[in-house]
Amino acid sequence: MDLFGMLERYDFGAIHVGHDAASGMHCIVALHDTRLGPAIGGCRFLPYADERSALVDALRLARGMTYKAALAGLPHGGAKTVMLRPDKLHDRAAVFRAFGRFIDGLGGRYFTAEDSGTGIEDMEVVRQVTKQVVGTGGSGGSGDPSPFTALGVRRGIEACVMLTLGRSSLDGIHVAVQGVGHVGYQLCRELHEQGASLSVADVDPLKSERAEREFGARVVPLDGIFEVDCDVLAPCALGSALNDATIPRIRAKIVAGAANNQLAEPRNGDDLHSRGIVYAPDYAINAGGLINVALELEGYDAARSRERTMRVYDTIYAIAERSQHSHTPTYRVADLLVEETLARAGT
Ligand code: NAD
């Protein structure tokens with residue numbers, strides 16, 4: 001597919017390509033949509049097989065950010081930067097300074113943040129040359145997003161439990177959590193505090209043992225997590241957990257977790273729907289981290305961030321309710337809600 005064909009496929013937007021000979025900085029800044037406001041999206045710094053795969057990664061991820069921000073009710077569009085990491089890196093700070101200067105020239109339409117292969121230290125360097133960055137440390141910074149992501153996921157689970165099981169509390173609800181890393185661990189804490197019982201699986205036994213010790217979770221084998229006889233399955237590990245092999249084995253009535261890109265294929269969302277399983281669309285339920293970091297642009301306040309993240313309940317409830325009434329899979333309902341919001345925002 002040619003360049004403009006790809007832009008059409010992902011419904012873009014603009015792509016800005018930056019190059020700085022002195023530092024060796026090569027970046028692709030994909031601005032998917034800015035109708036709702038300046039776009040926010042992380043900066044990846046990874047080795048890519050070729051420029052085309054870097055471009056596809058940027059386009060795909062930027063589009064996802066537009067959808068996540070719109071559904072979270074944020075005044076922001078979606079973007080993503082992919083920086084091509086060279087084999088030999090001579091001066092990392094020079095690369096990020098050059099990147100900062102580049103995005104400073106984009107007319108305030110883009111805010112960057114850390115992502116795979118970048119960290120807070122890199123964003124501090126970017127901050128030296130531009131204000132177009134969020135997720136830095138120090139005063140005014142929003143810190144670790146994981147507890148906010150976990151809070152939003154807990155609220156999304158509560159909405160699904162209310163709608164599906166008619167229960168207003170998680171007391172006695174059994175949740176199987178796949179992956180108890182940064183978000184999964186915080187989610188277990190949230191759920192445990194609400195009286196839920198837990199089953200967990202993680203490739204790192206130390207992490208699942210910590211959940212067992214601290215929250216009384218039952219540790220199950222990695223592959224067994226899909227077959228746990230529970231109320232909620234919460235995928236919090238890698239993408240594509242919901243696929244042709246796993247969906248037929250799921251015994252939970254609800255699937256609601258933090259991982260990005262949980263559906264291996266969009267049609268797997270139809271499979272869940274036809275099995276009568278309520279699926280909380282990933283980008284709707286895991287928006288707490290984005291909500292938290294976006295607040296830096298208004299003046300960061302943890303209490304306000306918590307209060308806004310609590311509203312993930314309403315978003316998930318509205319999606320699941322419309323799905324029930326319209327007999328449409330939840331992932332499609334979420335997309336439709338975003339498309340309606342963007343259309344209202346005009347051109
Ligand atoms: P993490 O790396 O800290 O945790 C992932 C955990 O999953 C690790 O403990 C890992 O050992 C485990 N794992 C990997 N493969 C597994 C498998 N097959 N079975 C069971 N466990 C497995 O990452 P995180 O920050 O907790 O993020 C988890 C997911 O949530 C990711 O998909 C991420 O993109 C998404 N997400 C995270 C945030 C955030 O605030 N950190 C925000 C939005 C979305």
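The values are calculated or read from the model by the stated rules, or taken from the named source; none is laboratory data. Computed from a predicted structure; not experimentally measured. All Cβ positions, glycine included, derive from the backbone under ideal geometry; neighbour counts span all protein chains shown. In case anyone asks, the SASA skips ligands and DNA or RNA and just uses the protein heavy atoms, side chains included. Shrake-Rupley method; radii C 1.70, N 1.55, O 1.52, S 1.80 Å.
Would region 224-232 turn up any residue that is in a helix (DSSP H, G or I) and touching a strand residue (DSSP E or B) at 6+ places or on another chain (Cβ under 6 Å)?
Yes, that holds for at least one residue.
Residues in region 76-95 that are charged (D, E, K, R) and either assigned to a helix (DSSP H, G or I) or under 15 Å from Leu61 (Cβ atoms) (or both): how many? If you could, list the steps in order and put the result at the bottom.
Restricting attention to region 76-95, the residues satisfying the condition of being charged (D, E, K, R) are 80, 85, 87-88, 91-92.
Imposing the further condition that a residue be either assigned to a helix (DSSP H, G or I) or under 15 Å from Leu61 (Cβ atoms) (or both) reduces the set to 80, 92.
Residues that pass the stated criteria total 2.
Please go through region 249-265 and give me each residue that is in contact (Cβ under 8 Å) with a residue 24 or more places away in the chain and farther than 18 Å from Thr149 by Cα, ordered by number.
Hits for region 249-265 are Ile250, Arg251, Ala252, Lys253, Ile254, Leu263, Ala264.
Return the residue satisfying two criteria in turn: it lies in region 182-196 and is open to solvent by 70 Å² or more (accessible area, probe 1.4 Å) and modelled with pLDDT of 95 or more, and of such residues it is nearest to Val153 (Cα to Cα).
Arg189
Before we move on, is Leu89 more than 23 Å from Leu290 (Cα to Cα), open to solvent by 30 Å² or more (accessible area, probe 1.4 Å) and in contact with a strand residue (DSSP E or B) (Cβ under 6 Å, 6 or more places away or on another chain)? Give the steps one after another, and end with the answer.
Values: more than 23 Å from Leu290 (Cα to Cα): yes; open to solvent by 30 Å² or more (accessible area, probe 1.4 Å): yes; in contact with a strand residue (DSSP E or B) (Cβ under 6 Å, 6 or more places away or on another chain): no.
The answer is no for Leu89.
Considering Pro75, Pro38, which residue is open to solvent by 20 Å² or more (accessible area, probe 1.4 Å), modelled with pLDDT of 95 or more and touching a Lys or Arg at 6+ places or on another chain (Cβ under 6 Å)?
Of Pro75, Pro38, the one residue that is open to solvent by 20 Å² or more (accessible area, probe 1.4 Å), modelled with pLDDT of 95 or more and touching a Lys or Arg at 6+ places or on another chain (Cβ under 6 Å) is Pro38.
One line per residue, one yes/no per condition, for (1) touching a helix residue (DSSP H, G or I) at 6+ places or on another chain (Cβ under 9 Å); (2) free of Cβ contacts under 8 Å to residues at least 60 places away in the same chain; (3) of a type outside the set (A, V, I, L, M); (4) open to solvent by 60 Å² or more (accessible area, probe 1.4 Å):
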position: Ala303; (1), (2), (3), (4): no, yes, no, yes
position: Val312; (1), (2), (3), (4): yes, no, no, no
position: Tyr317; (1), (2), (3), (4): yes, no, yes, yes
position: Ala334; (1), (2), (3), (4): yes, no, no, no
position: Leu337; (1), (2), (3), (4): yes, no, no, no
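So how many residues does region 162-191 have that are part of a loop (DSSP other than H, G, I, E, B) and touching a residue at least 24 places away in the same chain (Cβ under 8 Å)?
8
Anything in region 267-295 that is in a helix (DSSP H, G or I) and away from the ligand (no atom under 15 Å from the Cβ)? List them, or say none.
Within region 267-295, Arg267, Asn268, Gly269, Asp270, Asp271, Leu272, His273, Ser274 qualify.
Residues that are touching a residue at least 60 places away in the same chain (Cβ under 8 Å) and either of a type in the set (A, V, I, L, M, F, W, C) or within 20 Å of Ala70 (Cα to Cα) (or both): find the strands (runs of 3 or more DSSP E) completely inside region 1-55 holding 1 or more of those. Walk me through it before giving the result.
On the way: elements: 14-20, 25-33, 43-46.
Fully inside region 1-55 and qualifying: 25-33, 43-46.
Of the residues Gly152, Gly108, Gly135, only one is assigned to a loop (DSSP other than H, G, I, E, B), within 16 Å of the ligand (Cβ to nearest atom), in contact (Cβ under 8 Å) with a residue 60 or more places away in the chain and not aliphatic (A, V, I, L, M); which?
The match here is Gly135.
From the list Ala303, Ala320, exactly one residue is of a type in the set (A, V, I, L, M, F, W, C), over 23 Å from Ile277 (Cα atoms) and part of a helix (DSSP H, G or I). Which is it?
Every option except Ala303 fails the conditions.
Output yes when any residue across region 157-170 is open to solvent by 20 Å² or more (accessible area, probe 1.4 Å), within 18 Å of the chain's Cα centre (by Cα), within 16 Å of the ligand (Cβ to nearest atom) and within 23 Å of Glu321 (Cβ to Cβ), and no when none is.
no
Can you name the residue in region 194-223 that is under 24 Å from the mean Cα position of the chain (by Cα) and part of a helix (DSSP H, G or I) and, of all such residues, is nearest to the ligand (Cβ to nearest atom)?
So the residue we want is Lys207.
Return the residue satisfying two criteria in turn: it lies in region 171-193 and is among the small types (Gly, Ala, Ser) and within 13 Å of the ligand (Cβ to nearest atom), and of such residues it is nearest to Leu233 (Cα to Cα).
Ala176
For Cys236, are the conditions met, namely being open to solvent by 10 Å² or more (accessible area, probe 1.4 Å), touching a Lys or Arg at 6+ places or on another chain (Cβ under 9 Å) and not hydroxyl-bearing (Ser, Thr, Tyr)?
Taking the combined requirement at face value, the residue does not satisfy it.
Give me a count of the residues in region 111-132 that are more than 16 Å from Asn286 (Cβ to Cβ), of a type in the set (D, E, K, R) and within 16 Å of the ligand (Cβ to nearest atom).
1
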